[in-house]
1. If you take the residues of segment A:75-106 that are within 13 Å of chain B (Cβ to nearest Cβ) and among the aliphatic types (A, V, I, L, M), which of them is farthest from B:Ala233 (Cα to Cα)?
2. Confirm whether B:Leu221 is in contact with a Lys or Arg (Cβ under 9 Å, 6 or more places away or on another chain) and farther than 30 Å from B:Val12 by Cα.
3. Being within 13 Å of chain A (Cβ to nearest Cβ), touching a residue at least 12 places away in the same chain (Cβ under 8 Å) and basic (Lys, Arg) narrows it down to one residue among B:Arg182, B:Arg193, B:Arg156; which is it?
4. Across segment A:24-49, what is the total count of residues that are more than 8 Å from ligand 2 (Cβ to nearest atom) and in contact with a Gly (Cβ under 9 Å, 6 or more places away or on another chain)?
5. Would you kindly identify the strands (runs of 3 or more DSSP E) lying entirely within segment B:138-223 that contain at least 3 residues that are of a type in the set (Val, Ile, Thr) and outside the structural domain of B:Leu38 (by TED's automatic domain parsing)?
6. Within the set of pairs 6+ apart or on separate chains, which have a first residue in segment A:42-59 that is on the phi > 0 side of the Ramachandran plot, a second that is assigned to a loop (DSSP other than H, G, I, E, B), and C-beta atoms under 7 Å apart?
7. Any idea which of B:Thr106, B:Thr64, B:Thr115 is over 30 Å from B:Thr219 (Cα atoms) and within 14 Å of chain A (Cβ to nearest Cβ)?
8. Quick check on segment A:36-59. Is at least one of its residues assigned to a loop (DSSP other than H, G, I, E, B), aromatic (Phe, Trp, Tyr) and either open to solvent by 20 Å² or more (accessible area, probe 1.4 Å) or more than 19 Å from A:Gln15 (Cα to Cα) (or both)?
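The values are calculated or read from the model by the stated rules, or taken from the named source; none is laboratory data. These numbers come from a predicted model, not from an experiment. Cβ placement follows ideal geometry from the backbone for every residue including glycine, while neighbour counts extend to all protein chains displayed. Surface areas here come from the heavy atoms of the whole protein model, side chains and all, with no ligands, DNA or RNA. Shrake-Rupley method; radii C 1.70, N 1.55, O 1.52, S 1.80 Å.
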Amino acid sequence: MTKIVFVDHAGKSRQVEADDGSTVMETALRNSIPGIEAECGGACACATCHVYVDEAWFEKLGKPEQMEEDMLDFAFDVRPTSRLSCQIKVSPALDGLTVTTPEKQG
Amino acid sequence: MTDIIKTDVVIVGAGPVGLFAVFELGLLDLRCHLIDILPRAGGQCSELYPEKPIYDIPGFPVVTGQAIVDNLMKQIEPFNPTFHFNEQVEGLEVLGTPEAPLFRVTTDAGQVFETKVVIVAAGGGSFQPKRPPVAGIEDYEGKSVFYAVRKMETFRGKKVLIVGGGDSALDWTLNLQPIAERVTLMHRRDDFRAAPHSVNAMRELVAAGKLDLVIGQMTGLKGENGMLSAVSAKDNKNVAFDIDCNAMMPFFGLTMKLGPIANWGLHLHENLVPVDTAKFESSTPGIFAVGDINTYPGKLKLILSGFHEVALAAQRAHHYVYPEKKLLFQYTTSSTNLQKKLGVA
Ligand SMILES: Cc1cc2nc3c(=O)[nH]c(=O)nc-3n(C[C@H](O)[C@H](O)[C@H](O)COP(=O)(O)OP(=O)(O)OC[C@H]3O[C@@H](n4cnc5c(N)ncnc54)[C@H](O)[C@@H]3O)c2cc1C
Ligand code: FES
């Protein structure tokens, strides 16, 4: 089990257990984390699973693929640490990963 | 005013389930018109996951979202359905009685239908442009903020800001540039996913000084009474600036919204239409709901469930259109009657 920390836009944080091999988006939905809509169910086709990855973790995750970078065009208030959480696969190496959810997905 | 179209069945939504409804209804001699707000058939399959594999369509170990739609289009060809794309169904009025239903269906393009049966196959609702989450944008919509171009003339002599980096954004940038007083294109990065030839055309106009390209993101709107005077933005270093404009078109993709269905007098439960599981009919006789838009005990939002639902709904729909005729159960494999309709006998 890998621990993931979700911080909401107001700064309140919650730590949850994530299944390795699932995605950060799926983990959010399973734990009813507000601020993640995931309208397309993880197909990288909606950008409503947008999160800001903690600076310390961003490098470790590696760069988003071209498809994800393109889909980020549909997100709002995109920052250098923006990612689509359906494209981040949970693994033991991500234990303690911290992401912040935006105020609105649009 | 266009003529009223009289038909047996109007299908609201041309997703996979609406498409297969044409087949099941067609076998029973019912003529269908399909209406979708999108410019093409396929609903979620084409819009959200055209390239992704589906593994649970019976008889297909694997098929992509677009391939299932293409196959459905081929399968319903013999029944010659009429498609009305780029139109949203707005109104649904009851004209008939529960025994002899008749409905008036109207679209936002002014088309009117008179139909004996309505099949609501609206899925997760209408695909609609995403609204940027900037304060007060609702007040500007339709006056100086537009998500689509109905008439190019609206933009003549205007200072237009177009936001986005895909094909819609680039196409409208290029189309409006000769008409508008000035067009500014804003995108969050200097990299565009639109077709390369439109990106090249855009860059040429920028180089010639005929178009402004700005890298940044929208943060707010300035203006009054729905008329924009400027859009506030920030660049990638968080430096704020304003863009002078009196019209704006944001292109941030599509989202599903229930839309006008809520106003049709149907009984709704959490934005879904409750139906029985023998006929998949709503609380109004003659109006059926199939696919993702309906709900009943045990409902699964699967394509295969929708296919089953339309087969049963068609049986009841037949009764409304041909009250005197008795339905005979037949197989497509062995019935020459059905095979004639399919054009294979
Ligand atoms: C990423 C993803 C993966 C999926 N994978 C599978 C899978 O593996 N297997 C499976 O069985 N299912 C899968 N699904 C679910 C499947 O796509 C849906 O069950 C299916 O699309 C429902 O079909 P539908 O025809 O009911 O509605 P939709 O596909 O949602 O189509 C409804 C159409 O109606 C239109 N519409 C709605 N209201 C109006 C109106 N008022 N006027 C005009 N047009 C209107 C919409 O624009 C839309 O085009 C998946 C879904 C997603 C998002
Ligand atoms: S869930 Fe739609 S892009 Fe991630």
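1. Top of the filtered list is A:Leu84.
2. So B:Leu221 fails the test.
3. B:Arg193
4. Number of matching residues: 2.
5. In segment B:138-223, the matching strands (runs of 3 or more DSSP E) lie at B:159-163.
6. A:Ala47/A:Ala75; A:Ala47/B:Gly253
7. Only one candidate passes the filter, namely B:Thr64.
8. no
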